[in-house]
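Asker: Provided herewith is a single structure, encoded as structure tokens, for subsequent inquiry.
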Amino acid sequence: MADVVARMADGIGAFTAAEWDACAGHDNPFVMHGFLSALEDSGSAVSRTGWQPIPIAIDGPDGAPAALLPAYAKSHSQGEYVFDHGWADAWERAGGSYYPKLQIASPFSPANGPRLLLRDPALAPALIAAAEAVVQQHELSSAHATFIAPEQVPLFEAAGWLIRTDRQFHWLNQGYATFDDFLGALASRKRKAIRKERAGAQEGLEIVHIGGDALTEAHWDAFWVFYQDTGSRKWGRPYLTRKFFSLLGERMGDRVILMFALRDGHPIAGALNLVGSDTLYGRYWGCTEEVPFLHFELCYYQAIDVAIARGLKRVEAGAQGEHKLARGYQPVPTYSAHYIPNPGFRRAVEGYLENERRMVAQNIDALDEMGPYRKGE
């Protein structure tokens, strides 16, 4: 790999959609050019917000990118959903500067996916080495690749990066033809509870799904109100700008399913989903009227309906949320990889991660036992 040359580009906009997606593929919407460029062009993921885009590229013999890394220089640890604030505090107390750090991710998106975008798979080691070189040459504290697709974890592990695990709750399609088929796999008490929740949530409301050419600015205006309400309560201020949603609709409308709950034709709640090749990704939700169980209906049950209808393998409904377990979502591990060049700091983090991985595995096993599915089948 000595003859491989990597370069840092000045943002996602330095590449055409065709160049970027030739490496990223079309399976995962969160690493596609349309999504990442919308974050950049809308002012959501830019230097001013602490997400300076510095994608790393290796060009092929044809002069086009053959390997890409969606990388950002981060001046904080917000919007990542893999928490390293304790590491930052420890490093700062030791006299170091934790920020800026190199973040390899899809900003604000706790969705699993490839982080090494490879038109030429043989370039994976060189791309990881390029990320390490950026850390060393710019004297950064560390590099972090978060929510890595499981099949890429061994590539980072082979390069000596530290592997961290966490867990999310995903709904897994076992070949169900209908929602009732899915309910049939649950214990009787859980089955009855879900039916009761759905009936209560839908009473007096109309649920609609909007995507593609049907999306209008009026739809995004309504959803923006919902997003702002939830964002202000969760994060203090929303990460995304209003412009982002318009650009998302323009560039990736065919991947969007916007779900609204209407009362007398007026939206009172909404949830945003993006469609991958085999996965439905639920991202944001909000409401202007509190209705019991409506959050579960729009974010979980409607998503299951869509996945079954489209033959998708899973629903990823975002980070956290043990309440998803009772709704048929199962605990699954998630992965991140961390490059820490300082030997002492690396040893301390490595010890911490060994204990954390053991605890996460035990937690997943315990949650599996508590799941709503019928036992012994």
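Asker: For Q168, all conditions in the list (1) open to solvent by 20 Å² or more (accessible area, probe 1.4 Å); (2) in contact (Cβ under 8 Å) with a residue 60 or more places away in the chain; (3) under 30 Å from V135 (Cα atoms) hold save one; what is the number of the exception?
Answerer: Failing condition for Q168: (1).
Asker: Out of (1) open to solvent by 60 Å² or more (accessible area, probe 1.4 Å); (2) part of a loop (DSSP other than H, G, I, E, B); (3) touching a Phe, Trp or Tyr at 6+ places or on another chain (Cβ under 9 Å), what's the single condition that is false for R251?
Answerer: It fails just one condition, (2).
Asker: If the Cβ limit is 6 Å and pairs must be 6+ apart or interchain, which residue in segment 33-53 that is within 19 Å of E250 (Cβ to Cβ) and hydroxyl-bearing (S, T, Y) pairs with which residue that is open to solvent by less than 20 Å² (accessible area, probe 1.4 Å) and part of a helix (DSSP H, G or I)?
Answerer: Pairs found: S37/I12; S42/F244; S42/L247; S44/F244.
Asker: Return the pair list, or none, for Cβ contacts closer than 9 Å from residues in segment 86-97 that are free of Cβ contacts under 8 Å to residues at least 60 places away in the same chain to residues that are basic (K, R), at least 6 apart or on different chains.
Answerer: A88/K101
Asker: If you go through segment 192-220 one residue at a time, how many are in contact with a helix residue (DSSP H, G or I) (Cβ under 9 Å, 6 or more places away or on another chain) and touching a residue at least 12 places away in the same chain (Cβ under 8 Å)?
Answerer: Summing the residues that are in contact with a helix residue (DSSP H, G or I) (Cβ under 9 Å, 6 or more places away or on another chain) and touching a residue at least 12 places away in the same chain (Cβ under 8 Å) in segment 192-220 gives 19.
Asker: Out of curiosity, is F156 buried (at least 19 other Cβ atoms within 10 Å of the Cβ), of a type in the set (F, W, Y) and out of contact with any Phe, Trp or Tyr (no Cβ under 8 Å at 6 or more places or on another chain)?
Answerer: Yes; evaluated as a whole, the condition is true for this residue.
Asker: Please work out which one of (1) in a loop (DSSP other than H, G, I, E, B); (2) under 30 Å from Q137 (Cα atoms); (3) of a type in the set (V, I, T) is the condition V291 fails and give its number.
Answerer: Failed condition: (2).
Asker: Can I ask one more? State yes or no: is L39 open to solvent by less than 50 Å² (accessible area, probe 1.4 Å), under 16 Å from the mean Cα position of the chain (by Cα), at pLDDT 95 or above and not basic (K, R)?
Answerer: Yes.
Table: residues versus (1) open to solvent by 70 Å² or more (accessible area, probe 1.4 Å); (2) of a type in the set (K, R); (3) at pLDDT 95 or above; (4) not in a helix (DSSP H, G or I).
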residue: G270; (1), (2), (3), (4): no, no, yes, yes
residue: L274; (1), (2), (3), (4): no, no, yes, yes
residue: V332; (1), (2), (3), (4): no, no, yes, yes
residue: A337; (1), (2), (3), (4): no, no, yes, yes
residue: G351; (1), (2), (3), (4): no, no, yes, no
residue: M359; (1), (2), (3), (4): yes, no, yes, no
residue: D365; (1), (2), (3), (4): yes, no, yes, no
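Asker: Among the helices (runs of 4 or more DSSP H) lying completely within segment 1-119, list those that include at least 3 residues that are under 28 Å from Q320 (Cα atoms).
Answerer: Result: 33-41, 85-93.
Asker: Something else: What number of residues within segment 317-330 are open to solvent by less than 20 Å² (accessible area, probe 1.4 Å) and assigned to a helix (DSSP H, G or I)?
Answerer: The total comes to 2.
Asker: Next question. Out of T16, T49, report the one residue that is open to solvent by 40 Å² or more (accessible area, probe 1.4 Å) and either modelled with pLDDT of 95 or more or among the acidic types (D, E) (or both).
Answerer: After applying the criteria, what remains is T16.
Asker: Filter segment 68-86 down to the residues that are over 16 Å from the mean Cα position of the chain (by Cα) and open to solvent by 20 Å² or more (accessible area, probe 1.4 Å), then identify the one that is nearest to A122 (Cα to Cα).
Answerer: A73
Asker: How many residues does segment 367-377 hold that are hydroxyl-bearing (S, T, Y) and open to solvent by less than 30 Å² (accessible area, probe 1.4 Å)?
Answerer: 0
Per-residue answers, yes or no, for (1) modelled with pLDDT under 95; (2) of a type outside the set (G, A, S); (3) open to solvent by less than 10 Å² (accessible area, probe 1.4 Å):
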site: A66; (1), (2), (3): no, no, yes
site: A94; (1), (2), (3): yes, no, no
site: R115; (1), (2), (3): no, yes, yes
site: V134; (1), (2), (3): no, yes, no
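The values are calculated or read from the model by the stated rules, or taken from the named source; none is laboratory data. Nothing here was measured: the structure is a model prediction, and the numbers come from that model. Positions of Cβ are generated from backbone atoms using ideal geometry, with glycine treated the same way; all protein chains shown enter the neighbour counts. Quick note on the areas: whole protein, heavy atoms, side chains included, nothing else; ligands and nucleic acids left out. Shrake-Rupley method; radii C 1.70, N 1.55, O 1.52, S 1.80 Å.
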